[in-house]
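These notes concern the structure reproduced below.
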Amino acid sequence: MNLDSLLRAELDALESVHLRRTLRAVDELPPGLLNFAANDYLGLSHHPTLIEAAREATARLERKGCRPRLQQRLRRRAWDDPNTRR
């Protein structure tokens, strides 16, 4: 029995006794309710001031050379390779 068959059998067994958990997507809640199960339960990911602050911080840190080393190495290699220069 392969892994897919094993997992399918387990899921079928859970479903047959009504124990299989399913997640429901909740895009909008009624006014006054918060979804504490979400990572963005305060809705701050859409706040214009925070978005601008994140952009500024990213630009500032990138100028200071705080990018991950792997990313810097990959860019250097791409620059050193004459076939990738434009």
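No value in this document is a laboratory result; all are computed from the given coordinates. Small disclaimer: the values here were computed from a predicted structure and weren't measured. Cβ sites come from the backbone with ideal geometry, for glycine too, and all protein chains shown count toward neighbours.
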Among residues other than LEU14 whose Cβ falls under 10 Å from its Cβ, what is the net charge (Lys/Arg +1, Asp/Glu -1)?
-1
Rounded to the nearest 0.05, what FRET efficiency is calculated for THR22 and ARG55 with R0 set to 41 Å and r the Cβ-Cβ distance?
0.65
Please give me the summed charge of the neighbours of ALA38: other residues whose Cβ is under 15 Å from its Cβ, Lys and Arg +1, Asp and Glu -1.
-2
